[in-house]
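Working notes, beginning with the structure itself.
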Amino acid sequence: MLEGAKSIGAGAATIALAGAAVGIGNVLSSSIHSVARNPSLAKQSFGYAILGFALTEAIASFASMMAFLISFVFRSHKKKGKSEEKDSKSLHLEIDSHGPSKCL
């Protein structure tokens with residue numbers, strides 16, 4: 001159940017990449033239209049277009065970072081099987097039977 005929710009969350013985080021692609025297209029399209037309307041402001045308009053492109057690309061990188069975090073970093077803790085529980089209990093009993101350790 002947790003693995004399925006993790007996959008859905010990672011998929012939802014990647015939807016923002018499509019939004020960023022649309023945003024970059026809008027920024028560059030607006031830049032082309034503004035230069036076509038007023039060529040004398042092309043230099044100033046280019047600076048604003050690069051700023052808009054960078055901010056939109058930052059959103060895309062944050063979205064992909066969240067998708068990778070959800071996919072690979074947030075791991076589910078699986079329950080131990082009966083054989084693993086038995087081994088860990090016998091290990092604790094073995095350590096306890098030797099008594100307290102003496103430190104120098």
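Things worth noting here:
- Residues of segment 18-37 classified as β-branched (Val, Ile, Thr) and touching a helix residue (DSSP H, G or I) at 6+ places or on another chain (Cβ under 6 Å), total: 3
- Screening Phe46, Phe68 for residues that are surrounded by 11 or more Cβ atoms within 10 Å (Cβ to Cβ), modelled with pLDDT under 90 and among the aromatic types (Phe, Trp, Tyr) leaves exactly one candidate, Phe68.
- Count - residues of segment 7-34 that are of a type outside the set (S, T, N, Q) and open to solvent by less than 50 Å² (accessible area, probe 1.4 Å): 11
- Close pairs (7 angstrom Cβ cut-off, 6 or more residues apart or separate chains): of a type in the set (Asp, Glu) in segment 1-16, exposed (fewer than 12 other Cβ atoms within 10 Å of the Cβ) anywhere: Glu3/Ser76
- Residues satisfying the stated conditions in segment 1-41, i.e. among the polar types (S, T, N, Q) and farther than 13 Å from Gly52 by Cβ: Ser7, Thr14, Asn38, Ser40
The values are calculated or read from the model by the stated rules, or taken from the named source; none is laboratory data. Please read these numbers as outputs of a predicted model, since none were measured by experiment. A quick note on method: Cβ atoms are made from the backbone with ideal geometry, for glycine too, and the neighbour counts reach across all protein chains shown. Just the protein is used for accessible areas: all its heavy atoms, side chains included, with ligands, DNA and RNA removed. Shrake-Rupley method; radii C 1.70, N 1.55, O 1.52, S 1.80 Å.
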